[in-house]
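Quick notes on the structure that follows.
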Amino acid sequence: MLHIDHSEVRDLLLQGNIGLEKENLRIDAKGNFAQTRDPFPNDPHIVRDFCENQVEINTDVWDSVEGAMEELLSRTNEIKDTLRKLPEPEYLWPFSNPPYIKNEEDVPIARFEGDEASKTEYREYLAKRYGRYKMTLSGIHVNYSFAEALLQRNYEINRKKKATDLSYREYVDRLYLDLAERVVAYGWVVTALTAASPLMDGSYVEKKLYDVDIFPGMASVRCGELGYWNFFTPILNYQSAASYADSIRYYVEHEWLKYPSELYYPVRLKPSGKNTLENLEAHGIDHIELRMVDLNPLEPAGLNAKDVTFIKLFLIWLATLPVLHLKEHEQIQAVQNYKNAAHYDLKTVNIVTPSCGMASVVRAGKKLLSIMRDFYRDYPEEIQEVLAFEEEKLEIPEKRYAWIVRKEYANGYVKKGLQLAVEEGRQ
């Protein structure tokens, strides 16, 4: 844990690094999936996810939320500009849930060739296992790492206190492992505060059922019961980087997963460089990734900067808490908490946490935010403003993105969404 009782640590507490990943679907002027090849084949910052028409922005690593957000918006606008200038103009679909889907073949699996042909084979496997429809759900991943100066100073304090005999690398691994376990327990609040996908087109659930809005009772379909989850609830081992890797590898070896990347889990620990378990074991943990953020169609970049700042503050606060070791049944409950937090009416669903016991998502979320506000009481006023912004979503349901989206885009979800996509594409 971070020693905030030391001024040297407190002074460095807000220093860290942020990288963002954002997925969007390319669509044509009628709201159908674009069937063209990837227009950005040589851009390392704009890649493909599952679909050939699913563009993914990977920003550089920034030492500020502002820097990461500026790049995200810039690259989003770059994509829109390129698509608008195609012979047949295309647009970025601004929602996490897809527009019209004609059939399975309407979802074009990303085509990789040569040395990368195995990537297409892997996507074909995913299509058979989970269905292509589910793979069209898009979202945002937030990556965060603590500043090296902060980690070094905290490690030195631990050594002076004789509170650890770990090497520096082992210590950093331990800090991120403990943090990940706490995010598993409390990250449901991020789902609750960023959910923005309450509507679907009828074609997602029934062929040829176009222009019929479906409201499944979720604020976030991709984070709820119908979303991105494996057919089992994984139990992960956070005792060391090696044990964490082995606990994922177990599911691959027993054919529950084909590759580690198939683990659809809201939190990941990642190494620097190539994201493999072998690299994680050999070089240690570099950063943590949160994968439960919806695309926000109310924002030009698809993401609100205050939400990114909140996630940063949330991770910092969690890193100062005592060690939390989740038992097997608590890990299972934690996954269910995420699914419950994806519901539309957060007063009607409960979660169970190690510290709060059973409570509604609203009640538990307000308690968590109250503790965070007290924790940051001596920090700049802008931090309190961010926390108040998030707290208001729990106080007033109409402030939540999902409620706003449902109000503005119901009774014509795809047609209204297409109009938004076209308008943004022309700016």
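In the set GLU225, GLU206, which member is under 23 Å from VAL335 (Cα atoms) and out of contact with any Pro (no Cβ under 8 Å at 6 or more places or on another chain)?
Only one candidate passes the filter, namely GLU225.
If only one of PHE33, PHE40 is surrounded by 16 or more Cβ atoms within 10 Å (Cβ to Cβ), in contact with a Cys (Cβ under 8 Å, 6 or more places away or on another chain) and aromatic (Phe, Trp, Tyr), which one is it?
PHE33
Determine which single condition ILE383 fails, assuming it passes every other condition in (1) more than 17 Å from ALA305 (Cβ to Cβ); (2) within 24 Å of the chain's Cα centre (by Cα); (3) surrounded by 12 or more Cβ atoms within 10 Å (Cβ to Cβ).
In the conditions (1) more than 17 Å from ALA305 (Cβ to Cβ); (2) within 24 Å of the chain's Cα centre (by Cα); (3) surrounded by 12 or more Cβ atoms within 10 Å (Cβ to Cβ), ILE383 misses (1) alone.
Answer yes or no as to whether MET372 is outside any loop (DSSP other than H, G, I, E, B), closer than 20 Å to LEU150 by Cβ and more than 20 Å from the chain's Cα centre (by Cα).
yes
Would you confirm whether any residue within the range 370-380 is in contact with a strand residue (DSSP E or B) (Cβ under 9 Å, 6 or more places away or on another chain), under 25 Å from VAL172 (Cα atoms) and either modelled with pLDDT of 95 or more or among the small types (Gly, Ala, Ser) (or both)?
Among the residues of the range 370-380, not one is in contact with a strand residue (DSSP E or B) (Cβ under 9 Å, 6 or more places away or on another chain), under 25 Å from VAL172 (Cα atoms) and either modelled with pLDDT of 95 or more or among the small types (Gly, Ala, Ser) (or both), which makes the answer no.
Quick test for you: out of LYS162, LYS207, pick the one residue that is among the basic types (Lys, Arg), surrounded by fewer than 19 Cβ atoms within 10 Å (Cβ to Cβ) and in contact (Cβ under 8 Å) with a residue 60 or more places away in the chain.
Working: LYS162 fails: in contact (Cβ under 8 Å) with a residue 60 or more places away in the chain.
The match here is LYS207.
Within the range 135-157, which residues are of a type in the set (S, T, N, Q) and either modelled with pLDDT of 95 or more or surrounded by fewer than 18 Cβ atoms within 10 Å (Cβ to Cβ) (or both)?
THR136, SER138, ASN143, SER145, GLN152, listed by residue number.
Given the criteria in a loop (DSSP other than H, G, I, E, B), of a type in the set (Ser, Thr, Tyr) and out of contact with any strand residue (DSSP E or B) (no Cβ under 6 Å at 6 or more places or on another chain), does THR309 qualify?
So THR309 does not fit the description; no.
Test each condition in (1) buried (at least 16 other Cβ atoms within 10 Å of the Cβ); (2) among the polar types (S, T, N, Q); (3) in contact (Cβ under 8 Å) with a residue 60 or more places away in the chain for THR233 and report the one that comes out false.
(1)
Select from the range 1-17 the residues that are among the polar types (S, T, N, Q) and either touching a His at 6+ places or on another chain (Cβ under 9 Å) or modelled with pLDDT of 95 or more (or both) and write down the one among them that is farthest from PRO87 (Cα to Cα). Reasoning before the result, please.
Kept after step one, since they are among the polar types (S, T, N, Q), are these residues of the range 1-17: 7, 15, 17.
Imposing the further condition that a residue be either touching a His at 6+ places or on another chain (Cβ under 9 Å) or modelled with pLDDT of 95 or more (or both) reduces the set to 15, 17.
Numbers: GLN15: 45, ASN17: 39 Å.
Checking each candidate, the answer is GLN15.
Quickly run through the range 37-48 and pick out the residues that are in a loop (DSSP other than H, G, I, E, B) and out of contact with any helix residue (DSSP H, G or I) (no Cβ under 8 Å at 6 or more places or on another chain).
Start the filter on the range 37-48 by keeping residues that are in a loop (DSSP other than H, G, I, E, B), which leaves 37-45.
Once the filter is applied, which keeps residues that are in a loop (DSSP other than H, G, I, E, B) and out of contact with any helix residue (DSSP H, G or I) (no Cβ under 8 Å at 6 or more places or on another chain), the range 37-48 yields ARG37, ASP38, PRO41, ASN42, ASP43, PRO44.
Tell me the residue from LEU25, LEU72, LEU20 that is at pLDDT 95 or above, touching a helix residue (DSSP H, G or I) at 6+ places or on another chain (Cβ under 8 Å), under 26 Å from LYS274 (Cβ atoms) and not in a loop (DSSP other than H, G, I, E, B), please.
So the residue among LEU25, LEU72, LEU20 that is at pLDDT 95 or above, touching a helix residue (DSSP H, G or I) at 6+ places or on another chain (Cβ under 8 Å), under 26 Å from LYS274 (Cβ atoms) and not in a loop (DSSP other than H, G, I, E, B) is LEU20.
Check the range 406-418 and report whether any residue there is under 24 Å from THR309 (Cβ atoms) and touching a residue at least 12 places away in the same chain (Cβ under 8 Å). Give the derivation first.
So the first thing to find is which residues in the range 406-418 are under 24 Å from THR309 (Cβ atoms), and the list is none.
Looking for residues that are under 24 Å from THR309 (Cβ atoms) and touching a residue at least 12 places away in the same chain (Cβ under 8 Å), one finds none in the range 406-418, hence no.
In the range 256-281, how many are in contact with a Pro (Cβ under 8 Å, 6 or more places away or on another chain) and assigned to a helix (DSSP H, G or I)?
3
Does SER243 qualify as being in a helix (DSSP H, G or I) and without any contact (Cβ under 8 Å) to a residue 12 or more places away in the chain? First the steps, then the outcome.
Numbers: in a helix (DSSP H, G or I): yes; without any contact (Cβ under 8 Å) to a residue 12 or more places away in the chain: yes.
Criteria met by SER243.
Within the range 319-361, take every residue that is touching a strand residue (DSSP E or B) at 6+ places or on another chain (Cβ under 9 Å), aliphatic (A, V, I, L, M) and in contact (Cβ under 8 Å) with a residue 60 or more places away in the chain and give me the one that is surrounded by the fewest Cβ atoms within 10 Å (Cβ to Cβ).
Per the stated criteria, the residue is ALA319.
The values are calculated or read from the model by the stated rules, or taken from the named source; none is laboratory data. As the structure is a prediction and not an experimental result, all values here were calculated from the model. Glycine gets a Cβ as well: all are built from the backbone with ideal geometry, and neighbour counts include every protein chain shown.
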